[in-house]
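Asks: Please read through the structure below; I'll follow up with questions.
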Amino acid sequence: FIRSSLLPLPPFRPCFPPFPAEALREPRILGAKESYRAEDSVLLNCSSTNTQYLPVLSWTLNDTPVSKRHVRSYEGGRILGLQLQVSRDLFQQGVISLTCTSTLGSLHTRSTQVTLPNPDYLHAEEY
């Protein structure tokens, strides 16, 4: 009978070199139209132009994370598509704000924002 004592292991910490700040570029959003009305479809793509590293892409709608049912990943994660139906309640002061965020590791984040205007919205100064 061999008796051994197990010593507690130190916490696991992966040893990856940190990503250089210049490794992350701003994501690019394609597909936005000039304006949107209720019942229109929004079909946008957010793409990463990084060639050496693969960042994680995500969408927010009016500063709220977009449900996974509205997003699709393409080309091995380098493109994140967004598909949703416009409703009146999505407009805030006549625009919908969409942001694509690209994240690399825990330290690097870059975002690109588009605003989708409603041509029927009248600004207060136009009354």
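The values are calculated or read from the model by the stated rules, or taken from the named source; none is laboratory data. Computed from a predicted model, the values in this text were never measured in an experiment. No Cβ is skipped: glycine too gets one built from the backbone with ideal geometry, and neighbour counts run over all protein chains shown. Side chains included, ligands, DNA and RNA excluded: accessible areas come from the protein's heavy atoms. Shrake-Rupley method; radii C 1.70, N 1.55, O 1.52, S 1.80 Å.
Asks: Find, to one decimal place in angstroms, the Kirkwood hydrodynamic radius of the range 27-113, where the mean of 1/r is taken over every pair of different Cα atoms and then inverted.
Replies: Taking the inverse mean of 1/r over all distinct Cα pairs, the range 27-113 comes out at 13.5 Å.
Asks: Right, next: For the range 72-127, compute Rh as the Kirkwood radius over C-alpha pairs and then the Stokes-Einstein diffusion coefficient at 20 °C and 1.002 mPa s; write the answer in µm²/s, rounded to an integer.
Replies: Value of D from the Cα-based Kirkwood radius: 153 µm²/s.
Asks: Here's a follow-up. Given a Förster radius of 25 Å and the C-beta distance between Leu122 and His70 as r, what FRET efficiency does 1/(1 + (r/R0)^6) yield to the nearest 0.05?
Replies: That pair, Leu122 with His70, gives E of 0.30.
Asks: Follow-up. On average, how much accessible surface per residue is there in the range 58-107, in Å², for a 1.4 Å probe, leaving out ligands, DNA and RNA?
Replies: Per-residue value: 60 Å².
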